[in-house]
1. Name the residue that is nearest to ligand 1 (Cβ to nearest atom), counting only residues in the range A:35-55 that are open to solvent by 20 Å² or more (accessible area, probe 1.4 Å) and farther than 18 Å from A:Pro119 by Cβ.
2. Restricting to strands (runs of 3 or more DSSP E) lying wholly in the range B:14-123: which have 2 or more residues that are in contact (Cβ under 8 Å) with a residue 24 or more places away in the chain and open to solvent by 40 Å² or more (accessible area, probe 1.4 Å)?
3. Tell me which of these A:Glu174 doesn't satisfy, since it passes every other one: (1) within 23 Å of A:Ile74 (Cβ to Cβ); (2) without any contact (Cβ under 8 Å) to a residue 40 or more places away in the chain; (3) open to solvent by 60 Å² or more (accessible area, probe 1.4 Å); (4) among the acidic types (Asp, Glu).
4. When you go through (1) more than 10 Å from chain B (Cβ to nearest Cβ); (2) over 28 Å from A:Ser185 (Cβ atoms) one by one for A:Asn98, which number turns out not to apply?
5. If you check A:Lys153 against the conditions, is it under 16 Å from the mean Cα position of the chain (by Cα) and charged (D, E, K, R)?
6. Which residue pairs have Cβ atoms under 6 Å apart, sit 6 or more places apart or on different chains, and have a first residue in the range A:134-156 that is more than 20 Å from A:Val167 (Cα to Cα) and open to solvent by less than 40 Å² (accessible area, probe 1.4 Å) and a second that is away from ligand 1 (no atom under 11 Å from the Cβ) and among the small types (Gly, Ala, Ser)?
7. What tally of residues in the range B:7-23 results from selecting those that are more than 10 Å from ligand 2 (Cβ to nearest atom) and hydrophobic (A, V, I, L, M, F, W, C)?
8. Among what's in the range B:3-13 and is part of a loop (DSSP other than H, G, I, E, B) and over 13 Å from B:Ala105 (Cβ atoms), pick the residue that is farthest from the other protein chains (Cβ to nearest Cβ).
Amino acid sequence: MAVNLKHITKNDRQQVYPPSQDTFLLIDSVVSDLSYIQQIDPCFVIEIGVGSGAVLTTLAMNQSFQSVFIGVDINPKATLLAKSTLELNNCKNYDIVNGDIFRQKGFFNKIDVIICNPPYVITSKEEFEECQKRKDISSSFAGGEDGREFIDKLFDFAYKALSDKGVMYMLFEEHNGSFPGKVLSEQRVGCEGLAVIRMGKEQIREALG
Amino acid sequence: MRLLTHNLLMCNLKTCAGQNFPLALQANEISEENTEFNLVLTQKMLGKLDWKAFHRVADSLGHTLPEELTPEDQNNDELMQRLHHLLFNIVVLSGTLTCQSCGRAYPIDKGIPNMLLEDSEEA
Ligand SMILES: C[S@@+](CC[C@H](N)C(=O)[O-])C[C@H]1O[C@@H](n2cnc3c(N)ncnc32)[C@H](O)[C@@H]1O
Ligand SMILES: [Zn+2]
């Protein structure tokens, strides 16, 4: 059953990153890899930058593994929308937190699956920092130099947050570089070359350099 | 916010590192869901949980739990059902989470804890 997103209004789309081609590529890639997740038998699945909630809701609707689904976003409007998406689709065992993921040290060592479609657009360092402070839709895009500043912070966080058997599914754009892990899918959308990668803890450590 | 999530949240201020957990919960509005008892998920969750913090927050809501959880408790069906209810079915809709070290209060509104800092606090 596909996730119902009909409640998302025009107004929502101006304030929260709407379900887009990268969103659906991430959904399709993670769903194609469900047997891997099943074998991990996760307790905590978190989505970093949950946005509209489309990705997390799709996973929470899938009954092929038993776990808790937590969505975190820095944009308050996104957390409200994600919560209504989960509710509307009758999900259970989820929660939403409004916060900067990089300050959530209470997640360390506990998370089994991280899903993230990060802000990956190339901007100046200043713009990245400014957009992180704004905590609005601009925080969805700005990725800093090479679109890598958020991603590099994400690697550092993910390495600390994941349990030993944990994995991260991350979407990225070819200008961000290449990373150790298993590329699950690739798609060209206009001038962007999108890909989704699955990285284990060791691979994340390698990416940290 | 469910109590399982309370177990993951710490004061976000860097200056509180080391004494930022657990946050004290003041619940103004609670809703009780009634999702079906799930033993497998409850047992998995117990493997992740900081029991002391959970014990304390449950106590603050008027639910007394054993000081420590023994391996045999995992087979105590009645206790497991209670833990499932506390972890998964109690949803705090509004209230505050307060750091016991610095006193910073984080509001919970519409069921969502707000851990965001002001620009002046970010450093
Ligand atoms: C590209 S959007 C992806 C949204 C959604 N996951 C999707 O795929 O449609 C990135 C999201 O990350 C959030 N975000 C940016 N910086 C963040 C941070 N430091 N902590 C938590 N979330 C953040 C943004 O608000 C935005 O919702
Ligand atoms: Zn504090």
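The values are calculated or read from the model by the stated rules, or taken from the named source; none is laboratory data. Given the structure is predicted, the values throughout are model-derived calculations rather than measurements. Glycine gets a Cβ as well: all are built from the backbone with ideal geometry, and neighbour counts include every protein chain shown. Calculation scope for accessible area: heavy atoms of the full protein, side chains included, ligands and nucleic acids excluded. Shrake-Rupley method; radii C 1.70, N 1.55, O 1.52, S 1.80 Å.
1. So, considering only residues that are open to solvent by 20 Å² or more (accessible area, probe 1.4 Å) and farther than 18 Å from A:Pro119 by Cβ, the one nearest to ligand 1 (Cβ to nearest atom) is A:Tyr36.
2. Working: elements: B:24-32, B:90-98, B:105-109.
Counting at least 2 such residues, we get B:24-32, B:90-98.
3. All conditions pass for A:Glu174, except number (1).
4. (1)
5. Yes: the conditions hold for A:Lys153.
6. Listed pairs, sorted by first residue: none to list.
7. Of the residues in that region, 2 qualify.
8. Residue satisfying both the conditions and the ranking: B:Asn7.
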